[in-house]
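Quick notes on the structure that follows.
The values are calculated or read from the model by the stated rules, or taken from the named source; none is laboratory data. Bear in mind the structure is a predicted one, so any value in this text is a computation, not a measurement. We place every Cβ from the backbone using ideal geometry, glycine too, and count neighbours over all the protein chains shown. Only protein heavy atoms, including side chains, enter the accessible area calculation; ligands, DNA and RNA are left aside. Shrake-Rupley method; radii C 1.70, N 1.55, O 1.52, S 1.80 Å.
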Amino acid sequence: MTTATQAFKTRNRIKRTSEDWAVDFIVYFCGLFIFLVTFYPFYLAIVLAFNEGQDATRGAIYFWPRAFTMQNFYMFIRDPKWMTSLMITVLRTVIGTTLTTLFTAFVAYGLSERELVGRKIYMSLIIFAMYFSGGIIPYYALLRAIRLSNTFFVYIIPGMLSIFYVLVSISFFQGISKELAESARIDGAGEVSIFIKIILPISKPLLATIAIFTAVGHWNAWFDSAFFIQNKDLRTLGYQLMAVINQSAALVTGNLEPEAAASATITVMSIQLAAMIVAVTPILLIYPFFQRYFVSGLSLGAVKG
């Protein structure tokens, strides 16, 4: 009989008291209550998105669509404004996440070397920039000066380096055995080759951590699109959602496709819900596949720092 089996049987022989059952009941009840409170609003949004808009205004829809329809999503796809913003958001998320992850890891790897010339100066600048900023007006003036405002690259270049992720990455890289890099240097490998062929492959938890949080930030971002973009064809999905939510129903209806405005089954709210489901679904589908990586990445960075 193995040790694990013996330990399992020993635990089973421990008599549970009434206090144990009471505590378990309270814990499970609170967990179930929190789950329902947080999940049900999203579930209801899905139900209403698949229900006819005019029918939904009557209320009394709680668990499933009363008048099922795909018209809300059809009108969302037909509206060029929504589809253009969706494509911009996808491009921004893919390109921005890839460049931010690689650039942040590259800078952090260099700063993780304690013998780096000028390392104290670089670290001092990073810490200073993390706590102090010039504000939105100087930032906007800088973007205009370097011709980034009202271009797609305003979404990418300013966010290519994240100071917080640099600090986390430095702790992670300093926890990697130095013998790996030393062995590669003895064999004649350069620093770039060591970083790409040795460091990056064993840094998947860290890279996944940076990638998932950066991707969520890019996908949900609307602030920069509102302040630094005037071209309507460069608006992101997050901005379009905020614009629809903030505008009055009459104004939004006037901006929709004529077919949607004239339809007897579609409302502004139904289009909003369809757009929200489209915006949230990709993150929900991707998140579970990265969960084990970024949880371990954060814990490793914290422990080895």
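Look at Ile271 and say whether it is in contact with a helix residue (DSSP H, G or I) (Cβ under 9 Å, 6 or more places away or on another chain), at pLDDT below 80 and open to solvent by 30 Å² or more (accessible area, probe 1.4 Å).
Working: in contact with a helix residue (DSSP H, G or I) (Cβ under 9 Å, 6 or more places away or on another chain): yes; at pLDDT below 80: yes; open to solvent by 30 Å² or more (accessible area, probe 1.4 Å): no.
Criteria not met by Ile271.
Is it the case, given these coordinates, that Phe195 is among the aromatic types (Phe, Trp, Tyr), assigned to a helix (DSSP H, G or I) and within 27 Å of Thr281 (Cβ to Cβ)? No, not satisfied.
For segment 102-139, a residue qualifies if it is of a type in the set (Phe, Trp, Tyr) and either open to solvent by 100 Å² or more (accessible area, probe 1.4 Å) or more than 22 Å from Ala208 (Cα to Cα) (or both), and the qualifying residues are Phe106, Tyr122, Phe128, Tyr131, Phe132, Tyr139.
Checked against (1) over 30 Å from Ile194 (Cβ atoms); (2) over 24 Å from the mean Cα position of the chain (by Cα); (3) in a helix (DSSP H, G or I), Arg147 passes all but a single condition, namely (3).
Of the residues making up segment 15-70, those that are β-branched (Val, Ile, Thr), part of a loop (DSSP other than H, G, I, E, B) and under 13 Å from Ser270 (Cβ atoms) are Thr57, Ile61, Thr69.
State the number of residues belonging to segment 150-159 that are in a loop (DSSP other than H, G, I, E, B) and surrounded by 15 or more Cβ atoms within 10 Å (Cβ to Cβ).
So the first thing to find is which residues in segment 150-159 are in a loop (DSSP other than H, G, I, E, B), and the list is 150-151, 156.
Then keep just the ones that are surrounded by 15 or more Cβ atoms within 10 Å (Cβ to Cβ); that gives 151, 156.
Total meeting the criteria: 2.
Looking at Arg78 and the list (1) open to solvent by 80 Å² or more (accessible area, probe 1.4 Å); (2) free of Cβ contacts under 8 Å to residues at least 60 places away in the same chain, which single condition is not satisfied? Here Arg78 clears every test but (2). Listed by first and then second residue, the pairs with beta-carbon distance under 8 Å, at least 6 apart or on different chains, first residue in segment 223-243 and free of Cβ contacts under 8 Å to residues at least 24 places away in the same chain and within 18 Å of Val280 (Cα to Cα), second open to solvent by 60 Å² or more (accessible area, probe 1.4 Å) and part of a helix (DSSP H, G or I), form an empty list.
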